[in-house]
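Let me begin by presenting the structure, written as structure tokens, before commenting on it.
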Amino acid sequence: MEAPDNHEGCSGLAHSHTDNRLWHLVPTSSILPCMIGEELRKARTAARLTQEQLASKARLHPTYIGLLERSKRSPSLDVFLRLCEALRISPITLIKRIVAHRNNKRRSLRKDGP
């Protein structure tokens, strides 16, 4: 299964299945970019930056920021570190947010299961 085509699709990734109990079958490669994109967008908006401003600070193209936030691309380690620096957030803080997001998603889906 490929990552969803749009940001909104990430939130409903499990809902695209007929049964939430199948969530564990969705490859991590589909889930992780969604969570990175969602947390990146949250961090950018919390920093009160536009995609263009973040791109300039991180020395990236604005289109690439949009692709990351919509989970069309996953950042390399170098890009991830540049984004964290531009957002003035430690990489470990952003990673912890991504892991917490993943864990919360798994818990909520288990609750909805059998």
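Read the figures in this text as sums done on the coordinates, not as results from a lab. Given the structure is predicted, the values throughout are model-derived calculations rather than measurements. Virtual Cβ from ideal backbone geometry, glycine too; neighbours counted across all protein chains shown.
In terms of other Cβ atoms within 10 Å, 49, 67 run from fewest to most in the order 67, 49.
Report the full-extension gain for the segment residue 47 to residue 104: residue separation times 0.36 nm, less the Cα-Cα distance, to one decimal in nm.
Separation in residues times 0.36 nm, less the Cα-Cα distance, equals 18.2 nm.
Could you give the Stokes-Einstein D for segment 40-114 in µm² per second, using the C-alpha Kirkwood radius, 4 °C, 1.567 mPa s? Result for D is 98 µm²/s.
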